[in-house]
1. Identify all residues within the stretch 140-191 that are buried (at least 21 other Cβ atoms within 10 Å of the Cβ), out of contact with any Pro (no Cβ under 8 Å at 6 or more places or on another chain) and part of a loop (DSSP other than H, G, I, E, B); write none if there are none.
2. Look through the stretch 259-314, keep the residues that are farther than 22 Å from LYS190 by Cα, of a type in the set (Ser, Thr, Tyr) and modelled with pLDDT of 95 or more, and return whichever of them is surrounded by the most Cβ atoms within 10 Å (Cβ to Cβ).
3. Looking at the stretch 176-183, is at least one residue of a type in the set (S, T, N, Q), over 15 Å from the mean Cα position of the chain (by Cα) and over 26 Å from ALA63 (Cα atoms)?
4. Any residue that is assigned by TED's automatic domain parsing to the domain that holds ALA76 and farther than 20 Å from HIS56 by Cα - is there at least one of those in the stretch 287-301?
5. Out of ALA253, ALA226, which single residue is farther than 28 Å from ASP124 by Cα and among the small types (Gly, Ala, Ser)?
6. What residue, of GLY200, GLY212, GLY189, is more than 24 Å from ASP61 (Cβ to Cβ), in contact (Cβ under 8 Å) with a residue 24 or more places away in the chain and of a type in the set (Gly, Ala, Ser)?
7. Before we move on, is GLY83 at pLDDT below 95 and of a type outside the set (Phe, Trp, Tyr)?
8. Within the stretch 265-284, track down each residue that is more than 22 Å from the chain's Cα centre (by Cα) and either in a helix (DSSP H, G or I) or without any contact (Cβ under 8 Å) to a residue 24 or more places away in the chain (or both).
Amino acid sequence: MLVECCHRVWQTSQPYLFLLWSNFMNLRPNRLAVMVCAGLLGLAAPLAMSWGPEGHAIVADIAQAHLDPAAATEVASLLKLEGFDRLDQISSWADGNRKEFPGTGSWHYVDIPLKADNYDATRDCVQGNCIVAKLDENTHVLADKTATPQARLLALKWVVHLVGDIHQPLHAEDNDDKGGNTVQVQFFGKGTNLHSIWDGGIIRQALSLQPGPHYTFDHAAVQADAMTLDAAITPTQRAAWATENLLPQIVDASIVWADESHKLAQDVAYVDIDKPSGDAWSQRYQQKAWPVIQTRLEQGGVRLAEVLNEALSN
């Protein structure tokens, strides 16, 4: 049981896992197996929940480069409350603190059935418990100058993260597979799942990045990659993506962004996954998916800047 359970987790989560084995040395074998596997699964879970730390940092870095002076001042003031000075430092906060905020897991996505045409609030966001509603809610808290600085900083953390998440195609669909988490694939020789490679595997393959434990990453390398992607955005693209007057009805823009992701899940992510294994498949899938992910990261950064500029400018 231990070998079968842990091998599957280790394949997808090796860069993140650590185990303090000495704490378990006196346990009986069967109990040890259960506890070790449960611990590994708990540590591995965040890996398939949103863009990896690199993706979120890229979105945040692109946004920070395009903040208006007033918004940049507000962001700096809020970040300073906890000793930060860049948006990329808080961009994965929402993933790293899920245990401290139970019940927020569904805030990161919206389960639009894969075969559905688009988002339906009644069907996909029951009681407002999805990314579309929570992005709207937190943006309004952030924009509220009467809210406490601590509440606005918390909202900033959520807004930065959720704008990134809503641009990840597998965060706006479900095919009775937990958003692709149960679709097993062999990606460049490593066992993983469809959701995980869209979260980070494809990005790391394209940019030659290696993640560290607990959402750590090479900030300098990722910032350089973010600025390269930012420079590739044409003025026409930037104008089309950064739609003005998002507030007060940012929920309308969120629905558009979710529908975009949903369509990409239908047209790209779930195509050619009948036999997802081997280097030939990995290369083919990487070549078609990376341009899509690159565009979504760029769009997320441009749109995050617009959200923050509107919410925080005087």
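The values are calculated or read from the model by the stated rules, or taken from the named source; none is laboratory data. Worth saying up front: this structure is predicted, and the values here are computed from it rather than measured. For neighbour counting, all protein chains shown are included, and Cβ atoms are generated from backbone atoms with ideal geometry for every residue, glycine included.
1. Within the stretch 140-191, HIS167, GLN168, ALA172, GLY179, GLY180 meet the criteria.
2. The residue in question is SER261.
3. yes
4. As a first pass, look at the stretch 287-301 and keep what is assigned by TED's automatic domain parsing to the domain that holds ALA76: 287-301.
Next, only the ones that are farther than 20 Å from HIS56 by Cα stay: 287-288.
Yes, there is a match, as at least one residue in the stretch 287-301 is assigned by TED's automatic domain parsing to the domain that holds ALA76 and farther than 20 Å from HIS56 by Cα.
5. Within the list ALA253, ALA226, the selection yields ALA226.
6. The match here is GLY189.
7. No; evaluated as a whole, the condition is false for this residue.
8. Across the stretch 265-284, the qualifying residues are ASP272, ASP274, LYS275, GLY278, ASP279, ALA280, TRP281, GLN283, ARG284.
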